[in-house]
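**Student:** I have a structure here, written as structure tokens, and I will follow up with some questions on it.
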Amino acid sequence: EVQLVESGGGLVQPGGSLRLSCVASGFIFDDYAIAWFRQAPGKEREGVSCISRDGNIQYPDSGQGRFTISRDNARHTVYLQMSDLRPEDTAQYYCAGDLDGLGGARMIHYDYWGLGTQVTVSP
């Protein structure tokens with residue numbers, strides 16, 4: 001019933017941009033905080049950015065200002081706009097939902113996860 005479906009990943013050259021989307025269904029989207037995480041091969045999953053139910057960004061993104069998270073409640077969608085991409089940004093990107101709406105940087109806060117979308121940055 002509950003689904004988070006990511007899209008928008010792909011292969012991009014260094015310096016390029018991608019816009020990831022996470023479309024949610026099966027729960028009251030407006031009440032959830034939604035976060036983006038990423039995991040590269042051989043590395044632990046890390047938080048990228050989180051947006052609360054009120055539209056506030058709780059902590060800086062791991063792209064150090066190159067990534068911007070936003071949400072469109074009418075479309076049940078959260079976006080991650082990524083610019084000036086670097087090879088070290090290569091990872092599987094996941095969206096996650098927190099039902100209490102508060103979010104946070106730790107994975108333990110999140111109740112639902114998507115299956116991810118692959119971002120590869122390579123010349």
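The values are calculated or read from the model by the stated rules, or taken from the named source; none is laboratory data. Keep in mind it's a predicted model, so treat the numbers as computed, not measured. Every residue, glycine among them, receives a Cβ derived from its backbone with ideal geometry; neighbour counts consider all protein chains shown. Heads up: the accessible areas ignore ligands, DNA and RNA and are worked out on the full protein's heavy atoms, side chains in. Shrake-Rupley method; radii C 1.70, N 1.55, O 1.52, S 1.80 Å.
**Student:** Out of the residues in the stretch 1-20 meeting the condition of being under 15 Å from the mean Cα position of the chain (by Cα) and of a type in the set (A, V, I, L, M), tell me which one is most open to solvent (accessible area, probe 1.4 Å).
**Tutor:** Looking at the filtered set, the residue picked out is Val5.
**Student:** Name the residues in the stretch 51-70 that are crowded, with 18+ Cβ neighbours inside 10 Å and assigned to a loop (DSSP other than H, G, I, E, B), would you?
**Tutor:** Ser52, Arg53, Asp61, Gly63
**Student:** Another question about this same structure. Using beta carbons and a limit of 7 Å, which pairs, at least six apart or on different chains, have the first residue in the stretch 48-77 and within 19 Å of Leu18 (Cα to Cα) and the second one of a type in the set (S, T, N, Q) and outside any strand (DSSP E or B)?
**Tutor:** Val48/Ser62; Cys50/Gln58; Arg66/Ser83
**Student:** Consider the stretch 71-105. How many of its residues are at pLDDT below 95, open to solvent by 40 Å² or more (accessible area, probe 1.4 Å) and either within 10 Å of the chain's Cα centre (by Cα) or among the small types (Gly, Ala, Ser) (or both)?
**Tutor:** 2
**Student:** Confirm whether Leu80 is touching a residue at least 60 places away in the same chain (Cβ under 8 Å) and part of a loop (DSSP other than H, G, I, E, B).
**Tutor:** no
**Student:** Of the numbered conditions (1) under 12 Å from the mean Cα position of the chain (by Cα); (2) open to solvent by 20 Å² or more (accessible area, probe 1.4 Å), Ile34 fails exactly one; give the number of that condition.
**Tutor:** (2)
**Student:** Considering only the stretch 33-42, I want to know if a residue exists there that is among the aliphatic types (A, V, I, L, M) and more than 19 Å from Leu102 (Cα to Cα).
**Tutor:** Yes - at least one qualifying residue is present in the stretch 33-42.
**Student:** Please enumerate the residues belonging to the stretch 17-33 that are among the small types (Gly, Ala, Ser) and over 29 Å from Val121 (Cβ atoms).
**Tutor:** Result: Ser25, Gly26.
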